[in-house]
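One structure is given below, encoded as structure tokens.
The values are calculated or read from the model by the stated rules, or taken from the named source; none is laboratory data. The model shown is predicted, which means the values in this text are computed figures rather than measured ones. Methodologically, a virtual Cβ is constructed for each residue, glycine included, from the backbone with ideal geometry; neighbour enumeration extends over all protein chains shown.
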Amino acid sequence: MKARVVILPLFLAVLCVSGRSQTATPSITIGTHMLTLGMPESSVLESLGSDFELRHLGTGKVSSWLVEKKIGGIYKVAGNVVFDGHVLTTAIRYWEIDDSSSKSMFYALNEAMHSAERDGLTSCTIATYGGSQMIDSPAGAGSGSLNTREILLDCGLKQIKVTLTLSDAAGVTPSQIEITEWLQRK
């Protein structure tokens, strides 16, 4: 009887721990469309095409599509999908944020990180990158600098990147922040 009393809690503990380690299939949502790696190209394009403009960027064994939303005559990039052998191998979501709102940035970053957590991708590494380069002004008014800083949260199949771009070149947005969520085979 004592053996059963010891074995039952041990069995339940192992069962609970193994249940916690199971993860959902990693996914990414662009608009209202949930995408997972390995989905057929035709299904992904048909689904996204119902709400977005799709622009084909490359052909061959690997094809890439830009996913855009037309808002008031202006196209905003919502994501990008890449297929190898007609199956989804990479999906990128560009989180929509207001550059002037820290609250907007926080919510986008929180949702992107929650997506990784929900997929069970919680063992992550953090890296930072930065660089600077001289650029010619698109307005033809000389040159200026372009400085970029990035924070990358790499959780295996999913990465979240925060990019800050600063410029003093005429005709270039002086500062811009982007949050992108990547789902890709490694």
Close pairs from segment 29-48: first touching a residue at least 12 places away in the same chain (Cβ under 8 Å), partner in a helix (DSSP H, G or I) and hydroxyl-bearing (Ser, Thr, Tyr), Cβ under 9 Å, at least 6 apart:
Thr29/Ser115; His33/Ser47; Leu35/Ser47; Met39/Ser47
Which condition breaks for Ile135 when tested against (1) of a type in the set (A, V, I, L, M); (2) more than 18 Å from Thr165 (Cβ to Cβ); (3) at pLDDT below 90?
(2)
Scan Lys103, Lys161 and give me the residue that is at pLDDT 95 or above, on the phi < 0 side of the Ramachandran plot and charged (D, E, K, R).
Lys161
Hey, any hits in segment 78-93 for a residue that's among the basic types (Lys, Arg), under 17 Å from the mean Cα position of the chain (by Cα) and surrounded by 13 or more Cβ atoms within 10 Å (Cβ to Cβ)?
yes
Assess whether Ile97 counts as being crowded, with 18+ Cβ neighbours inside 10 Å, over 19 Å from Gln184 (Cα atoms) and not basic (Lys, Arg).
yes
Would you check if Lys103 is in contact with a strand residue (DSSP E or B) (Cβ under 6 Å, 6 or more places away or on another chain) and among the charged types (D, E, K, R)?
no
Among the residues of segment 62-99, count how many are under 17 Å from Ser50 (Cβ atoms), of a type in the set (A, V, I, L, M, F, W, C) and touching a Leu at 6+ places or on another chain (Cβ under 8 Å).
6
Only unsatisfied item for Tyr75, checking (1) in contact with a His (Cβ under 9 Å, 6 or more places away or on another chain); (2) at pLDDT below 95, is (1)
Suppose we keep only residues that are in a strand (DSSP E or B) and small (Gly, Ala, Ser) within segment 124-157. Which one would you say is farthest from Ala112 (Cα to Cα)?
Ser143
Quick check on segment 84-123: of everything there that is free of Cβ contacts under 8 Å to residues at least 12 places away in the same chain and part of a helix (DSSP H, G or I), which residue is farthest from Thr173 (Cα to Cα)?
Glu117
Residue, farthest from the chain's Cα centre (by Cα), within segment 43-76, restricted to residues that are in a strand (DSSP E or B) and polar (S, T, N, Q)
Ser63
